[in-house]
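S.K.: I'd like to ask you about the structure that follows.
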Amino acid sequence: MTSFLEFMLKRTAFANAMMGVLIFGGLFGAMTIRQELYPALEERKVELAIDLPGASPEEINKSILTVVENAVRGLDGIKRVDSEASENTGQVTMTLLDNADPQQTLNDIKSAVDRIETFPQDAEKPVITIPSRVEKALSIVVYGDQPLIWLRKTAEILRDDLRTSVGLRKVELAFPRDQEVSIEIPEKILRQYGFTLEELADKIRQSTPDLPGGTLYTEESDIVLRTSGRREWADAFRDVVVAETPAGIPLRLSDIAVLNDGFGKSPIECWFNGLPAILIDVFAVGSETPISVEAAVRGYLDSVAEKKFSGVEIVIFENQAAAYRSRMALLVENAVIGLVLVLITLGLFLTPHLAFWVMVGIPTSLLGGLLFLPLFGGSLNMISFFALIVTIGVVVDDAIMIGEAIYVQRTKGLGPLAAAVQGLKEMGGPVLLATTTTIIAFTPMFFVPGEMGGVFWQIPAVVIAVLLVSLFESLFILGAHIAAEHPDRPWLKVLARPQQKVNETLTSFIHHRFRPFIQAGLRRPLTLLVTAVSFLFITVGAMTGGLLNFAFTPTIDSDTVIAQAALPYGAPRQKSIAVAQKLVDSANTVLGEHNMSSPGIFSLIGTRLEEGEVEVETLAGSHYISVLMALPPEAERTLSGREFAAAWQKTFGSPGELEALNFTGETTVAGGEPIMLEVFHPDPDVAQAAALSLGERMRLLAGLTSVDDGVRTGKPELTIQLKDSGLHMGLTAEEVAKQVRHRYHGAEAFRFVRDGNEIKVMVRLSEEGRSRESALADVQLKSPAGALIPLTEVADITQTRSFTSLARRDGKRIYPVTADIAFGIDDDDVEDALEDAIVPLVLADFSGVSVHFGGEEEENDEALASLGYGFLIVLGVMYLLLVFHYNSYLQPVLILATIPFGLIGAVWGHILMGCDLSIVSVIGILAMAGVVVNDSLVLVTTCNQYQKNGMPLHQAIVDAACNRFRPILLTSLTTFFGLVPLLLETSEQAQFLIPAAVSISFGLVFGTMITLVLLPGLLQVFLKN
């Protein structure tokens, strides 16, 4: 072993070369690694979407969704099947098991759906996909006082240019509306000429052939023949002959119909700053980053936009690159300040030569970690960069322990090489074991399920990569540099004077203050133990007694504030537009009152926005209103996102006509609805009544906001059922349904492709004939014999009310009752109140009803269960490693016993700083536990060495505590000062990271005392025999 260490420590050139590889390789990796604001979630889901234009939610549910559910039920890899039916469309979401192969499961689902032969004839082809992991970099808004068809054309040209000329790989129109050629005919014309809409559609299709006609073979060449009557715009259809008048004059479409180029029936409409708008989403794919995408888009717009796109405005919206730059700059600033504080601390405690090489080890380890991070599939984002900040103080632990051991050997008169060899032999094993235990402590985070695990797995990936590089650097690179002979330099003596003064003061403190204190404590070790246990019980009491709130998923102040509202189902479009305008006006009022300006206000009707982003949810309808207001840069804000949302809601008020209203100025890194309770009963009426009762009770519970009972008043629905008389006339239910559908939805003549878009040619009644309920009584059906028969003679018409939407889980109809938890309210208190008080009352009132907790709480429970199980495994593995190292059953128990006592400082730090305990706090506690265990390992190893040399237990404990005081104190101080800038950070964007810094820093303050005071007492009590 000694010869190998001497061989490695003499290879200074190799050490320098390896250090260069790690530093420059890390810099290269930092420039080329994927960059994103937050880790892109790899959702383990398969989604199926299918449209049936003109269908009610009930029809979608019965004819499509239940059929799909039955087809995929029992397939391997599927954990849960959720479906939701709304007007015109349905979606099935299949959540996969953790061990399932997503691509294989996707193929199995596609095969199962392809075997379905009972979909309605007019249903569109199902679209089955795995949700994309690609991150949206920015959105581009094309807006102006122009016809929507013109804005759409401009947006398509811009999209195509960004794809082809600029070379961006994924650019898409957001929620594009289907384009169509609309041919509208009055009812009286149809009756006059005896047409049905289907017959007219057939005539139009026949008049527009575009078919191959074979090949004409000549002596000179072969000539391809083609029959083309292609028409692409409405004007081109005007001369289509559909019949002849009694006088033999051709009857053309222009004589009987109104023709328009436009869009299919869609509830979604968008505005930006009050003008019609089209939204384009630009994504960062592969090596593209938010910053590179933004640069490419801005370069194109600056050079081309003004010349090429006149009459419209084009702006960048929801710019992730700007958010990435500002947040990363914030973290870089904290990291640099923390690094400087760590360097100053090292310089005060270590000799200049040793301090310099320990300092060099910090960037070497950090950059080396970045070099290997892509091997884990990681990226550079707020989460991974925060992990780097956490490791700033931790990575110096190995170097300090090794450097301190070598320094002690030098003070004994050994030469540089001999001191390095002896120091590595003494502390190499404990440092290797300490690093291994820290790595093991972080491994459970790799296996956290759900979205939470999809985000936070990068923390252990970064920590492990950096720790492994740090271990290599400490054992070989640092050792080689310290072992090398260095000539005395006069200026180093000047730098050494402050260090010598600090060292003298610390040495005096250890010998004249700490040694007597620890000796006195060891005379009464049980007093130390009882005192520590008492503090632990007081801390647990503070946690359970309400002094500390628990919010599993931390919230982040958002750069955008969203207002979402819902009118009663079926509310007219103009009423929704009026609500949207009132929301915009109230937002502008708040901006004016607080001297703020917004980069833009995006409003739309027809769908709900996903949290913080312009993305469509499954639910659609003109009664949904959403307004997204971009906040100015943080330095220019006088209100945070959360504060603006509250002021906006107060200004807007609570109009009684709205069924739902929610204002959000914060977001989360992962998670679903904060509170979701799924109500089920075999009888939908009972389930609906129970959901209404549950929602009403939840609105009375303090701490809950935006309660939504999931019950919506549906549109009036007219049900048509064929009479026996109709059957006798040769009519079938299918034929009646088809003729009524064509009358109100329209008959499709054919489809063609124009500029890359699929265009439908639709023939339908004029607006007047489709908008009157009384017109249904005037409907004339065409019998197989060609006679016109009033609908009321052959069918019964009854009025009911349809559902707004239908949600199902694993084949069961459910009502999801959702709510948000107010800021500063303990999640556990709210959930306990629901479980213990509110839900039991609902179950008592409605026999047979079941209520299941879903949403964010379900994910949180799974994550906590996974972490708890993983932590038990970690403790077991750590114990076995320590047993192997010490060949003792008891000493590992004493070392691990310091972990819960380190929790004391973390908890009281949260209380002092006013932070909620969260999953981010747990991450910090893991890091803190690693450092506390490392310090304990070093102290116990030193104590064992002293005993091995013949020293009595009591004296060995005292000397070990005194001799290890300096390195243990220094490791704690470097970690603490590395995080001080983050602790004092006031930026709203960094607040969700502060709980981890609190756990580590305050935990180490108490953990250091535990290691230096309580652990000696434990050794004295349990090892004296």
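Values in this text are rule-based calculations from the coordinates and carry no lab data. Just so you know, these numbers come straight off a predicted model, no measurement behind them. Cβ coordinates were reconstructed from backbone atoms using ideal geometry, including for glycine residues, and neighbour counts include every protein chain displayed.
S.K.: So what is the diffusion coefficient of the stretch 557-667 in µm² per second by Stokes-Einstein at 37 °C and 0.692 mPa s, using a Kirkwood Rh over Cα pairs?
M.R.: Working: Rh = 13.9 Å.
Using the Kirkwood radius from Cα pairs, D works out to 237 µm²/s.
S.K.: If neighbour count is taken as other Cβ atoms inside 10 Å, put S640, S534 in order from fewest to most.
M.R.: Details: S640 19, S534 10.
In increasing order of surrounding Cβ atoms, one gets S534, S640.
S.K.: Listing S626, S474 from the residue with the fewest other Cβ atoms within 10 Å to the one with the most, what is the order?
M.R.: Details: S626 24, S474 28.
Ordered from fewest to most neighbouring Cβ atoms within 10 Å, S626, S474 come out as S626, S474.
S.K.: Quick check on the stretch 266-351: what are the equivalent-ellipsoid semi-axes from the Cα gyration tensor, as sqrt(5λ), descending, whole Å? The partial results should precede the final answer.
M.R.: On the way: eigenvalues 384, 46, 28 Å².
Each semi-axis is √(5λ); the values are 44, 15, 12 Å.
S.K.: Over the Cα atoms of the stretch 1-113, how large are the radius of gyration and the largest Cα-Cα distance (Dmax), in Å?
M.R.: Expressed in Å, the Cα Rg and Dmax of the stretch 1-113 come to 26.8, 83.
S.K.: A further question follows. From the C-alpha coordinates alone, can you work out the Kirkwood hydrodynamic radius of the stretch 386-475, in Å? Please report the intermediate quantities before stating the final value.
M.R.: Values: mean 1/r = 0.0700 Å⁻¹.
It works out to 14.3 Å.
S.K.: Oh, and also: Too long at a 19 Å Cα-Cα cut-off: which of K79/K812; K45/K79; K575/K650?
M.R.: K575/K650
S.K.: Using the structure shown, list the pairs from K110/K170; K125/K782; K153/K203; K10/K425 with a Cα-Cα distance above 19 Å, or answer none.
M.R.: Cα-Cα > 19 Å for K110/K170; K125/K782; K153/K203; rest within.
S.K.: While we're looking at this one, here's another question. Packing-wise, with mean Cβ within 10 Å as the measure, how do 916-928, 184-196, 725-737 rank, highest first?
M.R.: Working: 916-928: 25.2, 184-196: 16.2, 725-737: 14.5.
The densest-packed peptide leads the list: 916-928, 184-196, 725-737.
S.K.: Something else now. Please arrange M951, M94 by counting, for each residue, the other beta carbons lying within 10 Å of its beta carbon, fewest first. The partial results should precede the final answer.
M.R.: Details: M951 16, M94 25.
Listing M951, M94 from fewest to most nearby Cβ atoms yields M951, M94.
S.K.: Relative to the longest principal axis of the C-alpha atoms of the chain, give the angle of the C-alpha long axis of helix 458-472, reported between 0 and 90° and rounded to the nearest 10°.
M.R.: 30
S.K.: Can I ask one more? Please list the non-local residues whose amide H lies under 5 Å from the amide H of K45, H modeled 1.01 Å from N, same-chain partners needing a gap of 5 or more.
M.R.: Here L96 satisfy the definition.
S.K.: How many angstrom lie between the Cα centre of the stretch 503-517 and the Cα centre of the stretch 422-487?
M.R.: 31
S.K.: What angle do you read, to the nearest 10 degrees and between 0 and 90, between the alpha-carbon axis of helix 898-913 and the longest principal axis of the chain?
M.R.: Roughly 60 degrees, rounded to the nearest 10.
S.K.: Next up: I'm a student and want to see the number: the projected area of the Cα convex hull of the chain, averaged over all directions, in nm². Please report the intermediate quantities before stating the final value.
M.R.: Numbers: hull surface 219.9 nm².
Over every viewing direction, the Cα hull of the chain projects on average to 55.0 nm².
S.K.: Have a look at I60, T164, L880 and report the one farthest towards the positive end of the charge dipole of the chain, computed about the Cα centre with Cβ charges (Lys/Arg +1, Asp/Glu -1).
M.R.: The residue sitting farthest along the positive end of the dipole is L880.
S.K.: Run down the aspartates and glutamates and flag those whose C-alpha is under 18 Å from the C-alpha of K948, throwing out any fewer than 8 positions away in its chain.
M.R.: Those aspartates and glutamates meeting the cut-off are E426, D959.
S.K.: Could you check how many percent of all C-alpha pairs in the stretch 92-209 are farther apart than 21 Å?
M.R.: Details: 4692 of 6903 pairs.
Considering the stretch 92-209, 68 percent of its Cα-Cα pairs are separated by more than 21 Å.
S.K.: For the Cα atoms of the chain, what angle does the longest principal axis make with the long axis of helix 573-593, in degrees from 0 to 90, nearest 10?
M.R.: Result, in degrees: 40.
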